[in-house]
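For reference, the structure discussed in these notes is given below.
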Amino acid sequence: LGGPQYGALDSQWIGIDHTLLDMYLNQQEEQLGTNSSLSATPTEEQLRDALTRMQKVNKEYLFSGDKAKAVVTYKKFEGKETKNGRDVNHYTAGYNKDNLKAYVEAVAKALDESKLNDWAKQQDGGKKVSEMLNVSELKSSIDKMKADDTFDMYVDVKTKLVQSVMFTSSDDKSTFTVAQNYTGGDVYPLELTIESGDSADKGKAMIGMSVNTKTNELTVKFDVDMTGTTAKMDLKVTPSDKKVSITAPTGAKPVADVMKQLGLDQSVLGAQTLLPNIAGSTL
């Protein structure tokens, strides 16, 4: 980042524990009031009910051959290809604008009628789930979309499931891909990828995650390789009923000490926000 105080942290282990988050959340509640922050997380039953209802809507609108409701419309078969090590059928597809709006409205209705709405009404000012997600703004965005826009869709030859959907911008040919390379079994993956076509900012950024429904193991991958920026992370979370013992590396500094060293401690411990402190430091 260019500042000497940041350079001093090269090869320095930093210990981050829950106390930093506790202080930050307490400060937010004091500044915004308890009605403006989430006071609890949804229960497993509430989430399961919401997901079950959403899946019914998805089958009705997204995974449907009923032209009166289907969001996706067939345009052209491009041929068979190999993608992510799997044989896929490549299609050019479009969408039915009216059915897309109806799908969004159906999702909003399903969520508002689910048990998750009981949780939502106790959170952000008593709003419904659809209000928290700002569904009305999403419907306005759909109105502005071009009815003749198309995208690439890849269907796994063996599983018959949609493997990935790729949207390409008309100006610089940048792409945004949503992939679910499910091949059977208990592991369900999801991957989001942005590949820039801008000559000044070439590269690709990907975040992927998967959950094992049998073991509840969660994996997350993050990989960025853009002009001037590279980053990579692999994270695995495995549930356990055993006591977890964490030992910080020798010489690790508490994150509070590091923030003081960088002049950022007031972002959590005082009334100032993080951005003014960063702007005031020698970046």
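The values are calculated or read from the model by the stated rules, or taken from the named source; none is laboratory data. What you are looking at is a predicted structure, and each value in this text was computed from that prediction instead of being measured. Cβ atoms come from the backbone with ideal geometry, glycine included; neighbour counts cover every protein chain shown. Accessible surface is based on the protein model in full, side chains and every heavy atom, while ligands, DNA and RNA are left aside. Shrake-Rupley method; radii C 1.70, N 1.55, O 1.52, S 1.80 Å.
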Considering only residues that are in a helix (DSSP H, G or I) and either under 21 Å from Val71 (Cβ atoms) or without any contact (Cβ under 8 Å) to a residue 24 or more places away in the chain (or both), which ones fall in segment 104-116?
Val104, Glu105, Ala106, Val107, Ala108, Lys109, Ala110, Leu111, Asp112
Quick check on my filter: what residues within segment 93-146 are out of contact with any Ser or Thr (no Cβ under 9 Å at 6 or more places or on another chain) and of a type in the set (Val, Ile, Thr)?
Val104, Val135, Ile142
Among (1) modelled with pLDDT of 80 or more; (2) surrounded by 11 or more Cβ atoms within 10 Å (Cβ to Cβ); (3) within 30 Å of Ala248 (Cα to Cα), there is one condition Asp49 misses while meeting the rest; what is its number?
(3)
Count of residues meeting criterion [part of a loop (DSSP other than H, G, I, E, B) and either open to solvent by 60 Å² or more (accessible area, probe 1.4 Å) or in contact with an Asp or Glu (Cβ under 9 Å, 6 or more places away or on another chain) (or both)] in segment 208-221:
4
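Within segment 236-266, can you find the residues that are part of a loop (DSSP other than H, G, I, E, B) and among the charged types (D, E, K, R)? Outline the logic, then answer.
Residues of segment 236-266 part of a loop (DSSP other than H, G, I, E, B): 238-252, 263-265.
Asp241, Lys242, Lys243, Asp265 - these are the residues of segment 236-266 that are part of a loop (DSSP other than H, G, I, E, B) and among the charged types (D, E, K, R).
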(1) farther than 30 Å from Asn89 by Cβ; (2) modelled with pLDDT of 70 or more; (3) open to solvent by 90 Å² or more (accessible area, probe 1.4 Å) all hold for Tyr74 apart from (1)
Within segment 146-201, work out how many residues are free of Cβ contacts under 8 Å to residues at least 40 places away in the same chain and among the aromatic types (Phe, Trp, Tyr).
4
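Look through Lys101, Lys80, Lys69 and report the one residue that is modelled with pLDDT of 85 or more and assigned to a loop (DSSP other than H, G, I, E, B). Spell out the reasoning first.
Values: Lys101 fails: assigned to a loop (DSSP other than H, G, I, E, B); Lys80 fails: assigned to a loop (DSSP other than H, G, I, E, B).
Just one listed residue meets the conditions, Lys69.
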Regarding segment 80-92, can at least one residue be identified that is touching a Phe, Trp or Tyr at 6+ places or on another chain (Cβ under 8 Å), among the basic types (Lys, Arg) and either in contact (Cβ under 8 Å) with a residue 40 or more places away in the chain or open to solvent by less than 50 Å² (accessible area, probe 1.4 Å) (or both)?
yes
Would you confirm whether or not segment 257-280 contains a residue that is modelled with pLDDT of 85 or more and surrounded by 14 or more Cβ atoms within 10 Å (Cβ to Cβ)?
yes
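Taking the residues in segment 195-207 that are surrounded by fewer than 16 Cβ atoms within 10 Å (Cβ to Cβ) and within 19 Å of Ser170 (Cβ to Cβ) as candidates, determine which candidate is modelled with the highest pLDDT. Even if it seems obvious, please write down each step before you answer.
First, the residues of segment 195-207 that are surrounded by fewer than 16 Cβ atoms within 10 Å (Cβ to Cβ): 197-204, 207.
Applying the additional criterion that residues be within 19 Å of Ser170 (Cβ to Cβ) yields 197-202.
On the way: Gly197: 74, Asp198: 71, Ser199: 67, Ala200: 68, Asp201: 69, Lys202: 78.
Among them, the one singled out is Lys202.
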I'd like the residue in segment 222-247 that is within 30 Å of Gly203 (Cβ to Cβ) and touching a residue at least 24 places away in the same chain (Cβ under 8 Å) and, out of all such residues, is surrounded by the most Cβ atoms within 10 Å (Cβ to Cβ).
Met226
